[in-house]
Amino acid sequence: MPTAKTLPDTLDADLRAQAGEAELARALSATLHALAQAAVPIAERIALGPLAGEHGRVHAERGGGDKATELDVLAHQHFIDALRAAPVAAVLSEEDETPLTLDPRAPLMVALDPLDGSSNIDTNVSIGTIFSILPQVEGGPEVSFLQPGRAQLAAGFFIYGPQTSLALTLGAGTSLYVLERRAGPTQKLFRLVARNVRVPTRTQEFAINASNQRHWDPAIRAYVDDCIRGEEGPRREDCNMRWIASLVAETWRILVRGGIYLYPGDARAGYRQGRLRLVYEANPIALLMEQAGGAATDGVERILDLVPGSAHQRTPLVFGSASEVARVARYVQGLGHDAERSPLFRPRGLLRA
């Protein structure tokens, strides 16, 4: 990956260069600036760990078995406050059941997972903030947030780890930025470290929570079995498995060195339609992947073509190196050698009832 010495642009300079004079582009630049400025104090607080309080303490129970931690709530409020000064009509957050209206006349909508991977807060594993920016369309928030992912104007995530970094696309390639921590408290800036990153087409690395294997449908079980069989299996190559339980960390790794991530639906109650949220998790990750030459599907169908039926709709998600995502689709559709071994497949969507 290139270093900041060869790519000295700051995020703000990069946005100014891309935005031009168009009103919508300027609004997009201002909104991304607000998000980036808000991410810095969140990163600093996370870096303090228990010195800043009980970040991982459960604050409330969400529906479907999800839990909101103290840091989830803090991050949610912090980003909402920052976006009040941006040209944003409404914000849809994982922490709110319904969209929050900010400025109804503004041109943009922001969908947000304020703190992805919050189960890792107390274990010092990378967590992050995922965002999607959509145009406001006629009908207000109730309609605007139900646009398919291909309508996104920008998408990205901040990852709070050894580096505080940003993966961002404005629909013309995916770029990576790193927070310059050596600057003074009021001068911290995100600096460009890689432009137009490309996910390797092929990979021998896969990420899935193998503890759920007994709940998987046969298609996914067959795919993972073939990965594990390595050289002795139909792939004729050894594979490595990864699982961080942090979507942003998994995505950053795949952007940097390739791989595939699978979070299928499964037989457990509440998991049949997948677990990740389409609007503010799967859609922004899918746009980042596609703009980096990768792919993202629900197992068969392109994520960015799915039309949300509700603001918090869940979906199965498979993303990463394009050829490997296509391989999973073949398993799900029952094509090739795997069809003989795995009789249960779905013609549409990954593991859907």
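Just so it is clear, none of the values below were taken in a lab; they were calculated from the coordinates. The structure displayed is predicted, hence computed values, not measured ones. Neighbour counts are summed over all protein chains in view; Cβ atoms, including those assigned to glycine, are modelled from backbone coordinates with ideal geometry.
For Asp238, list long-range residues whose amide hydrogen, built 1.01 Å from N in the peptide plane, is under 5 Å from its own amide hydrogen.
Excluding prolines and chain starts, which carry no amide H, the hits are Glu231.
Over the range 178-234, what is the relative contact order in percent, taking alpha-carbon pairs closer than 8 angstrom and at least six residues apart?
The normalised contact order for the range 178-234 reaches 17 percent.
Is the range 11-194 rounded, prolate or oblate when judged by the Cα gyration tensor, a ≥ b ≥ c being the square roots of its eigenvalues, rounded requiring a/c under 1.5 and prolate requiring a/b larger than b/c?
oblate
Could you pull out which residues in the range 66-102 have an amide N less than 19 Å from a spot 7 Å beyond the Cα of Asp122, following the Cα-Cβ vector?
Under 19 Å, as judged by backbone N against the label point of Asp122, lie 66-75 of the range 66-102.
Taking only Cα atoms, what is the 0 to 90° angle, nearest 10, from helix 218-229's long axis to the longest principal axis of the chain?
Relative to the chain, helix 218-229 is tipped by roughly 90 degrees.
Go through (i) 22.2; (ii) 23.7; (iii) 17.5 and flag the label whose value is the computed mean projected area of the Cα convex hull in nm² for this structure.
(iii)
How far is helix 247-257 tilted, in degrees, relative to the longest principal axis of the Cα atoms in the chain, given as a value from 0 to 90 rounded to the nearest 10?
That helix lies at roughly 80 degrees to the long axis.
If we sort 256-265, 38-47 on the protection proxy, mean other Cβ atoms within 10 Å, highest first, what's the order?
By packing density, highest mean first, the sequence is 256-265, 38-47.
Would you mind computing, in nm to one decimal, how far apart the modelled labels at Arg330 and Ala47 are, each placed 7 Å from Cα along Cα→Cβ?
Reported label-point gap for Arg330 and Ala47 is 4.6 nm.
Round to the nearest 0.05 the FRET efficiency obtained for Asp96 and Arg236 when R0 = 41 Å and r is the Cβ-Cβ distance.
The pair Asp96/Arg236 has a calculated efficiency of 0.25.
Classify the range 155-272 as rounded, prolate or oblate from the Cα gyration tensor: take a ≥ b ≥ c as the square roots of its eigenvalues, call it rounded if a/c is under 1.5, otherwise prolate when a/b beats b/c and oblate if not. Write out the running numbers ahead of the final one.
Numbers: a/c = 2.71, a/b = 1.95, b/c = 1.39.
It comes out prolate by the Cα gyration axes.
How do Asp14, Asp305 line up, fewest other C-beta atoms within 10 Å first?
Values: Asp14 21, Asp305 12.
The fewest-first ordering by Cβ neighbours comes to Asp305, Asp14.
Put a dot 7 Å past each Cα toward the Cβ at Arg302 and Ser323; how far apart are the dots in nm?
2.1 nm
Pick out which of Glu250, Glu138, Glu95 has the largest mean-square fluctuation in a Gaussian network model of the chain, springs linking Cα atoms closer than 10 Å.
Of Glu250, Glu138, Glu95, the Gaussian network model singles out Glu138 as fluctuating most.
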